[in-house]
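A short write-up of the structure that comes next.
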Amino acid sequence: MPPSERDLDQLMSRLAVGDRAAFEPLFRALYPRALATARRCLDAQAADDAAQSTLMKLFARAPDFARGSPVLPWFYAIAGNEVRAARRRVKPHADVDGLPSLVAGGDPEQAAVEGELRAALGQAIEALDAPAAEAIAAMLGESVRPVLASAAFRKRVSRAYAKLRVLLGGHHER
Amino acid sequence: MSAEAAAMSRARRAYELGMLRLGLLRASLVTGTVALLIVLEVTRLPSPAWLALVFLLWLGLGWRGALVWRGALGGLAGGLAALALPLTLLRPCCTPEAMASAASCSPQTCVGAGMILGVAVAAMMPRVRGIGEWSRAAGGALLAVVSLVAFRCTTLFVGESVGLVGGMLATAAGVSVARAWWSKRALS
């Protein structure tokens, strides 16, 4: 039977004062949670790394844990930070091949143009800075939307589009 | 090694490093307090190198934590009391003046002083369940007391040192066993 939240709080409180017997049950309860949280936003390898990093940070700070406090909010805050850090490290890559046709019609010439457009779009997205690329990738449905307030996200998308237009040979609009 | 096993190993190492950081803080506080007592000429140590030994021992106690640390806190109180109180009041046998006269250097005086401190140590011992827990807490208290008190007497006479620490530990053990018996009786 998996430990309840109350059990986890007690295990962390014991570990905080140096009771090593609490380490393994706590790790076994938290590792699957860390992995599941990371796998929602990251690929398998990055999720493994993020889960490991989450638990390393949690246990490194265990002696600072305030006894009697709930452990799970603290744990998920660390896990969230680690997932965000992992996503920042991995620059988002938008798969423009999966987009609907950019050019109407189906003749070879138009297909060639469309291919070039896709390549240009892909290169332009690659050239963007990480937050802008992340915003574009989120708009294209290629990655999860960043954890931002709606207004902040809209502003980021707007700036990303402006940069993208410049990179694609357009002009900067205000 | 699976990803989970590797993560567990690294998390364990991170935890031990976290505890070591806590141990460093605890050892610094205790050693700093002892150093302050020396600077204020409240007490004297046989050599400054003893401070390094005190630091290392308290680093170990602070890193280990749990019952060992809680027991050590009782030993800390008893040990600091022994260091801070005037020698003539607490341990007349260990004063340089008393050393000059073999007759006044009596281990029984140290035993008496140790017994008084033993009561203080026992009063601060954590509540324990079973002999295993008791031995860990008592071990912490013993090391703490020895680190702060015993060597001071050892530089004078071994018999006095043994008397002081022995009296302290015998009383601490007796009082803590009596406390455990009383708690058990109250529960039944």
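Check whether at least one residue in the stretch B:3-10 is buried (at least 19 other Cβ atoms within 10 Å of the Cβ), within 7 Å of another protein chain (Cβ to nearest Cβ) and out of contact with any helix residue (DSSP H, G or I) (no Cβ under 6 Å at 6 or more places or on another chain), and report yes or no.
Let us first name the residues in the stretch B:3-10 that are buried (at least 19 other Cβ atoms within 10 Å of the Cβ), namely B:7-8.
Next cut, within 7 Å of another protein chain (Cβ to nearest Cβ) only: B:7-8.
Of the ones still in play, those that are also out of contact with any helix residue (DSSP H, G or I) (no Cβ under 6 Å at 6 or more places or on another chain) are none.
No, the stretch B:3-10 contains no residue that is buried (at least 19 other Cβ atoms within 10 Å of the Cβ), within 7 Å of another protein chain (Cβ to nearest Cβ) and out of contact with any helix residue (DSSP H, G or I) (no Cβ under 6 Å at 6 or more places or on another chain).
Scanning the stretch A:2-20 for residues that are without any contact (Cβ under 8 Å) to a residue 12 or more places away in the chain, in a helix (DSSP H, G or I) and within 9 Å of chain B (Cβ to nearest Cβ) yields A:R14, A:R20. Annotation note: of B:L57, B:L37, B:L24, B:L29, the sole residue that is more than 9 Å from chain A (Cβ to nearest Cβ) and under 30 Å from A:A29 (Cα atoms) is B:L24. Scoring A:W74 on the criteria (1) at pLDDT 90 or above; (2) assigned to a helix (DSSP H, G or I); (3) within 25 Å of B:A66 (Cα to Cα) leaves a single failure, condition (1). Every residue in the stretch B:18-33 that is in contact with a helix residue (DSSP H, G or I) (Cβ under 6 Å, 6 or more places away or on another chain) and not charged (D, E, K, R), please. B:G18, B:M19, B:L20, B:L22, B:G23, B:A27, B:V30, B:T31, listed by residue number. In the stretch A:38-69, the residue that is nearest to B:G18 (Cα to Cα) out of those that are within 11 Å of chain B (Cβ to nearest Cβ) and small (G, A, S) is A:A60. For the stretch B:12-54, a tally of residues being among the aromatic types (F, W, Y) and farther than 15 Å from B:G79 by Cβ returns 1. Entry remark, the stretch A:61-90: residues being surrounded by 20 or more Cβ atoms within 10 Å (Cβ to Cβ) and more than 23 Å from the chain's Cα centre (by Cα) number 2 in total.
Pick from the stretch A:30-59 the residues that are crowded, with 19+ Cβ neighbours inside 10 Å and of a type in the set (G, A, S): which of them is farthest from B:E4 (Cα to Cα)?
Going through the stretch A:30-59, the residues crowded, with 19+ Cβ neighbours inside 10 Å turn out to be A:30-31, A:34-35, A:37-38, A:42, A:47-48, A:50-56, A:58-59.
Next cut, of a type in the set (G, A, S) only: A:34, A:38, A:47, A:50-51, A:53.
Values: A:A34: 11, A:A38: 14, A:A47: 12, A:A50: 12, A:A51: 9, A:S53: 12 Å.
Going through the qualifying residues, I end up with A:A38.
Count of the stretch B:1-47 residues, restricted to those that are in contact (Cβ under 8 Å) with a residue 12 or more places away in the chain and either in contact with a strand residue (DSSP E or B) (Cβ under 6 Å, 6 or more places away or on another chain) or of a type in the set (S, T, N, Q) (or both), is 4.
Checking each residue in the stretch B:11-22 for being farther than 15 Å from A:F65 by Cα and surrounded by 17 or more Cβ atoms within 10 Å (Cβ to Cβ) picks out B:A11, B:R12.
The values are calculated or read from the model by the stated rules, or taken from the named source; none is laboratory data. Just so it is clear, the structure is predicted and the values come from calculations on it, not from any experiment. Positions of Cβ are generated from backbone atoms using ideal geometry, with glycine treated the same way; all protein chains shown enter the neighbour counts.
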